[in-house]
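Enquirer: Have a look at the structure that comes next, please.
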Amino acid sequence: MTVPGCALAPVAPQDVPDLLRLIKALAEYERLSHLVVADVPALEEALFGERPAVEALLVREFDQNSSAIAFALFFTNFSTFLGRRGLWLEDLFVMPEHRGRGIGKWLLTSLVATARARGCGRVEWSVLDWNAPAIGFYERLGATILPEWRIARVTGAALANFGIASGPAQD
């Protein structure tokens, strides 16, 4: 699958500023801009450092500026039940003015093709419960939304203090 007038490729070091711009646009769309602390050096380390933690795909439009208009950022996880690796899609974002062209489908099907090529047992991601267009899009492609699962998160001060002086743990 391709999208006319666009190119999809893995993020290269020179793409990191464009990736950060798209991450900030995603945060704005999700009304979470106040949470973005990522910067170019942090993303460069995560993508290309000694122990890369993530990978990303970037879509550029063939225009005067070769504009970056979409991305998918993902990393390897593991399923104990399957006994196999998987891919976790952390974020997929298409600039609003470029939606409806098949770019999101292109990114997602490319990611799933990568998972198949790597012998992964599954691809997973989360979606905000209010994002009905995204939920519908994923379901139309064949994804199952798992309503019985909830995301647990420890971050910020809670990460620094997790389990400290909280008393005996309850199973």
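Bear in mind these aren't lab numbers, they're just calculated from the coordinates by the rules spelled out. Every value quoted in this text rests on a predicted model; they were computed, and no experiment measured them. Cβ: placed from backbone, ideal geometry, glycine included. Neighbour counts: every protein chain shown.
Enquirer: Find the centroid of the Cα atoms in segment 15-54 and in segment 105-131, then give the distance between the two in whole Å.
Expert: 19
Enquirer: Moving on. Taking other Cβ within 10 Å of each residue's Cβ, how do I151, I23 sort, fewest first? Don't skip to the end; give the middle numbers.
Expert: Values: I151 5, I23 18.
Ranked by crowding around the Cβ, least crowded first: I151, I23.
Enquirer: Based on the mean of other beta carbon atoms within 10 Å per residue, what is the order of 153-162, 86-95, most packed first?
Expert: Those peptides, ordered most packed to least, come out 86-95, 153-162.
Enquirer: Can you give the Kirkwood hydrodynamic radius of the chain from its Cα pairs, in Å with one decimal?
Expert: 17.8
Enquirer: Enumerate the residues in segment 1-31 having an amide nitrogen under 15 Å from the point lying 7 Å beyond the Cα of R116 toward its Cβ.
Expert: 1-2
Enquirer: Moving on. Compute the long axis of helix 16-29 from its Cα atoms, compare it with the longest principal axis of the Cα atoms of the chain, and write down the angle in degrees, 0 to 90, nearest 10.
Expert: The angle comes out at about 70 degrees.
Enquirer: How would you rank R116, R99, R51, going from fewest to most other Cβ atoms within 10 Å of each one's own Cβ?
Expert: R51, R116, R99
Enquirer: Next question, about the same structure. Quick check: Cα centre of segment 56-73 to Cα centre of segment 134-162, how many Å?
Expert: 26
Enquirer: A further question on this structure: If you put +1 on each Lys and Arg Cβ and -1 on each Asp and Glu Cβ, how big is the dipole of the chain around its Cα centre, in Debye rounded to 20?
Expert: Computed charge dipole of the chain: roughly 540 debye.
Enquirer: Would you mind checking the tilt of helix 103-117 against the longest principal axis of the Cα atoms of the chain, expressed as 0 to 90 degrees and rounded to 10?
Expert: Once rounded, one gets 60 degrees.
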